[in-house]
1. Report the convex hull volume per residue for the range 276-366, counting only C-alpha atoms, in Å³.
2. In the structure displayed, which of K225/K245; K245/K266; K44/K462; K93/K462 lie more than 19 Å apart, Cα to Cα?
3. How do E136, E337, E228, E192 rank when sorted from fewest to most other Cβ atoms within 10 Å of their own Cβ?
4. If you add up the charges near G230, with Lys and Arg at +1 and Asp and Glu at -1, over every other residue whose beta carbon is less than 15 angstrom from its beta carbon, what do you get?
5. Give, rounded to the nearest 20 debye, the magnitude of the charge dipole that the chain has about its Cα centre when Lys and Arg contribute +1 at Cβ and Asp and Glu contribute -1 at Cβ.
6. Going by how many other Cβ atoms sit within 10 Å of their own, how do T308, T208 line up, fewest first?
7. For helix 328-348, what angle does its Cα long axis make with the longest principal axis of the chain, in degrees from 0 to 90 and rounded to 10?
8. What is the helix-to-structure angle for 14-31, meaning the angle in degrees between its Cα long axis and the longest Cα principal axis of the chain, kept from 0 to 90 and rounded to the nearest 10?
Amino acid sequence: MKSPSLLKFLGLSVSAIVLASCQQTATNQANAAMPVKQFVSSKKAKNVILFIGDGMGVSTITAARIFDGQSKGMSGEDNQLSFETFPNVSLVKTYNLDSQVADSAGTASAMNTGFKTQIGKINVQPDALFAKCSDEAAAPPVLFADLAETAGMSTGIISTARITHATPAAVYGHAMSRGWESDRDMSEIGNERGCTDLATQMIEYGGTNGLEVALGGGRRNFIPKELEGGRRDDGKNLTTVWTGKSDNHIYASNVSELRAISAKDKQSVLGLFDASHMNYEADRSDDDQPSLTEMTSFAIENLAARDTGYYLMVEAGRIDHAHHGTNAYRALKDTQELSEAVAKAVEMTNPEDTLILVTADHSHVLSIAGYPGIGNPILGVVKPIDRETGKLSDEPLLASDGKPYTTLGYHNGPNTRTDDDDLSDNAVQGINFQQQTAIPMGSETHAGEDVPLYAYGPGAQKARGVIDQAEIFDIMVDAVGFEK
Ligand SMILES: [Zn+2]
């Protein structure tokens, strides 16, 4: 059978395309998320929730929008993710001080301190890399969480990655290397200078009144290697250091222990649900681990019950990991789950007093390309609209090598296109398919273009134009009304 050529596809009559897309639009609008109301509040924010999709660049958001729509039986293109209904949007420059293409440590530092750092470094400046280490007098930049705690607000962190990973660590920690997750990971120079690992910093943060909620993965960095799954060399069990802080400090080592806690009892909750990163949403079951939405809901209920105002950072940490393996399915599923978590946060809070920000730390080299027809499965091979039937063709378009190609692909990564690749519909839309790449690399890389920032609530109107990532700190500071 002969495949429709690209030329034939491009020769498609405009009226056929318009008709097809109009029909889709009519069906889709009924299903689209309800837009939130546009308003400008003169009030200050009592609460700030910062959602970070790790690696969630614009192409990831567009693909996830279509993926989400198609999972609800829509064509997908004009679907909206929850945060796409927010009234304020900005483009954000993500570069690190020494790197055109950023990593999560430098980018999360910018958001939490208002200062950019070098790649791989957490909340330290180039001239004071050992700030917060015992023999160093230099003061590190003040954290947004510091300002919040000083003002009597409560603070929380959530991540589907290890809670000592770069993005959550930047809420509470300072480190010359993002790799210093447990004492075993410390470099010689770090030990010589009396620096501490990020797990210890998290537990010690703020003394008895530090973080009120910390939920995520990374249990291994908190327990000694003598215990199963532990990896600390110093023999310390930091989960018992946490519960020893006060009668109100409690530890959940699994999902049933979390569900046994009443969120509104205002206990300070450490929940570590995996030895390392938590499961991808695509691989998770409710019996096994809480979803990002469940953790978000728990944290908001706990923090709001205190009536102190709060700063909550929520990271969908594994969008990034799936992209590094050019596994778009898992990246899109985790992005869809982030959208659910944001919807839950909108539902549980009042836009008169809660600023909700949704952004990414950096992008990835995912691209959406070719000329797939409207409604073509986003994970599928590119198939055009058949001009005779007005429906998607059964036959894929072919590249110059005579083979089909997928709509989603990566500029670099571990799965370069070969003659042996199975490009059947079943294969490419499967959960484990790794999209093809142009440049062979062991791990796909981050990308350097701007990422979006979506904002809703008091102070959201400052999310406009093209801004530097460090200005996200200013937006949060101004929203709450802190003196800088
Ligand atoms: Zn990454």
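Readers should treat all values here as calculations from the given coordinates under stated rules, not as data from a laboratory. Computed from a predicted structure; not experimentally measured. Positions of Cβ are backbone-derived with ideal geometry, glycine not excepted, and every protein chain shown enters the neighbour counts.
1. Details: hull volume 10.2 nm³, N = 91.
In the range 276-366, the Cα hull volume divided by residue count equals 112 Å³.
2. The answer is K225/K245.
3. E228, E192, E136, E337
4. Values: positive: R162, R184, R219, R220, K225, R231, R232, K236; negative: E181, D183, D185, D197, E226, E228, D233, D234, D274.
Net charge in that neighbourhood comes out at -1.
5. Working: 40 positive and 63 negative charges, 174 e Å.
Dipole magnitude for the chain comes out near 840 debye.
6. Ordered from fewest to most neighbouring Cβ atoms within 10 Å, T308, T208 come out as T208, T308.
7. Helix 328-348 and the main axis of the chain meet at about 60 degrees.
8. 40 degrees
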